[in-house]
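Shown next, in structure tokens, is the structure this report addresses.
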Amino acid sequence: MKPIKVGILGLGTVGGGTVNVLTRNAAEIARRAGRDIVITRASAKDLAKPRICNTEGITLTNDPMDIINDPEIDIVLELIGGAGAVKDMVLTAIANGKHVVTANKSLIALHGNEIFAKASEKGVIVAFEAAVAGGIPIIKAIREGLSGNQIQWLAGIINGTGNFILTEMRDKGRDFADVLAEAQALGYAEADPTFDVEGIDAAHKLTILASIAFGIPLQFEKVYTEGITQITRTDVEYAEQLGYRIKHLGIARKTAEGIELRVHPTLIPERRLIANVNGVMNAVLVKGDAVGPSLYYGAGAGAEPTASAVVADVIDVVRALTSDPENRVPHLAFQADALADIPVLAAERIKTAYYLRLNAEDKPGVLADVTRILASHNISIEAIIQKEPLKGETAVPIILLTQITLEQEMNAAIVAIEALSTVSGKVCRIRLETLG
Ligand code: HSE
């Protein structure tokens, strides 16, 4: 059979890794796909830049459109990243009848609805396994492996850089900025690292996971997004003393009122497997009504782990080339005309438990005032601890764990607690999930 011709846009970390994996494993890949897959063309902004891959035999260009408009190319691999000019490139590739494989989470999270609609019109596939959790085949697991289930919720450590920072802060007491610089040097961090530390990257990935889990359109703008920049070593230590780890989680949960979509630091019991996912590793815990909880773990970034997902998508596309487009696995797991209009809940309507830390004067009645406020907002206390004053301070830190409550009630309670004359500064609030 004629070999399939692939053109790669972008020869950076992921593009270079993909060249290496496709070349090194060519024989096994052909046995799986049923025909040879060859990279005939690739584009890079700076052709003189040193590469992690050997580009011998690949025709190089610095204009991606050369590849997109080449009638010989069957599959375009978009490995440039970012959602600006790349969107037009992908739409043009689709208009030219090419299948597209992308690792681009922001592109899919922000423009996926439009891209998939155009791809369906043209009968081409847009595959995006590498967009979420790098090498972990989580899209395939949810979209195909769990397709008999009603997914109830999922929770994932889906930003390796953030997890690396929190792990190093906990294990080695290192500073935030110092660890971030190391993640950048290792090539894990986004071009703009605020995407990692402010939760935007995780929100892109959560948007995608929630769509395929619940059969809803991609709605990035509705994700409640909080990063890890406010997390201090003190809270990491207090959490640990209480039997919890602080992880930056993306959580999607289907409730009777609607869907919760949220990304934020979260206390989770240290006995949970996912609490022990450290460094740059990713993990996604999925709860289906039939399967129960299942956990997917692996490298969430890096050249070859991400290439592993890209190449698997290429093989899937090759296998589906002669299939009827109507009968392919739908882009978002559910048939496009069966996507549901389930509301995504506003942040105030989220229900979760909380860890609160406040600094209060050490005198009779202070705790009673705080607990009275919580009770007046229907907030039940799970645990309360008073710590020693920090060095050079007279106020004492008070740590409270609450039971599940409505975020709106917690917001109001925090305003009232901060207004107490015996409480100084802001109340630190971190959400808590038992993931049971
Ligand atoms: N910056 C991302 C991370 C890369 O740290 O997880 C993979 O998407």
**Q.** Residue within the stretch 150-170 that is farther than 22 Å from ILE268 by Cα, away from the ligand (no atom under 12 Å from the Cβ) and either open to solvent by 10 Å² or more (accessible area, probe 1.4 Å) or in contact with a strand residue (DSSP E or B) (Cβ under 8 Å, 6 or more places away or on another chain) (or both) present
**A.** yes
Q) Within the stretch 286-302, can one find any residue that is of a type in the set (Asp, Glu), open to solvent by 20 Å² or more (accessible area, probe 1.4 Å), more than 16 Å from the ligand (Cβ to nearest atom) and under 30 Å from PHE116 (Cα atoms)? A) yes
**Q.** Check on ASP88, without any contact (Cβ under 8 Å) to a residue 12 or more places away in the chain, on the phi < 0 side of the Ramachandran plot and either of a type in the set (D, E, K, R) or in a loop (DSSP other than H, G, I, E, B) (or both)
**A.** yes
(Q) Whether any residue in the stretch 242-249 is within 16 Å of the ligand (Cβ to nearest atom), more than 23 Å from ALA103 (Cβ to Cβ) and either open to solvent by 10 Å² or more (accessible area, probe 1.4 Å) or not assigned by TED's automatic domain parsing to the domain that holds GLN386 (or both) is what I want to check. (A) yes
Q. Could we say that GLY135 is part of a loop (DSSP other than H, G, I, E, B), out of contact with any Lys or Arg (no Cβ under 6 Å at 6 or more places or on another chain), of a type in the set (Gly, Ala, Ser) and farther than 26 Å from VAL310 by Cβ here?
A. no
Q: Tell me, please, whether a residue that is of a type in the set (Phe, Trp, Tyr), in contact (Cβ under 8 Å) with a residue 60 or more places away in the chain and either in contact with an Asp or Glu (Cβ under 8 Å, 6 or more places away or on another chain) or closer than 23 Å to LEU339 by Cα (or both) can be found in the stretch 282-301.
A: no
Q. Do we have ALA252 as more than 13 Å from the ligand (Cβ to nearest atom) and in contact with a strand residue (DSSP E or B) (Cβ under 7 Å, 6 or more places away or on another chain) here?
A. yes
Q. ASN359 fails exactly one of the following numbered conditions: (1) open to solvent by 30 Å² or more (accessible area, probe 1.4 Å); (2) in a loop (DSSP other than H, G, I, E, B). What is the number of that condition?
A. (2)
Q. Does any residue in the stretch 320-334 that is charged (D, E, K, R) come within less than 9 Å, Cβ to Cβ, of a residue that is surrounded by 15 or more Cβ atoms within 10 Å (Cβ to Cβ) and in a loop (DSSP other than H, G, I, E, B) six or more places away or on a different chain, and which pairs are these?
A. ARG328/ILE125
**Q.** Those residues of the stretch 52-94 which are among the small types (Gly, Ala, Ser) and open to solvent by 20 Å² or more (accessible area, probe 1.4 Å), in sequence order
**A.** GLY57, GLY81, GLY82, ALA83, GLY84, ALA85
Q) Which ones in the stretch 380-436 are at pLDDT 95 or above, in a loop (DSSP other than H, G, I, E, B) and of a type outside the set (A, V, I, L, M)? A) SER380, GLN403, SER421, THR422, GLU433, THR434
Q) Of the conditions (1) open to solvent by 50 Å² or more (accessible area, probe 1.4 Å); (2) without any contact (Cβ under 8 Å) to a residue 12 or more places away in the chain, LYS45 fails just one. Which one is it? A) (2)
Q: Starting from residues that are closer than 23 Å to GLY135 by Cα and β-branched (Val, Ile, Thr), keep the ones in the stretch 265-285 and report whichever is surrounded by the fewest Cβ atoms within 10 Å (Cβ to Cβ).
A: ILE274
Q | Selection from the stretch 193-217 of residues that are open to solvent by 10 Å² or more (accessible area, probe 1.4 Å), assigned to a loop (DSSP other than H, G, I, E, B) and either more than 10 Å from the ligand (Cβ to nearest atom) or not assigned by TED's automatic domain parsing to the domain that holds VAL291 (or both) | A | GLU198, PRO217
Q. Can you pull out the residues in the stretch 92-118 that are of a type in the set (A, V, I, L, M, F, W, C) and in a strand (DSSP E or B)?
A. VAL100, VAL101
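The values are calculated or read from the model by the stated rules, or taken from the named source; none is laboratory data. Nothing here was measured: the structure is a model prediction, and the numbers come from that model. Here Cβ is always computed from backbone atoms with ideal geometry, including for glycine, and neighbour counts include all displayed protein chains. Each accessible area value is taken on the protein alone, full model and side chains, heavy atoms only, with ligands, DNA and RNA left out. Shrake-Rupley method; radii C 1.70, N 1.55, O 1.52, S 1.80 Å.
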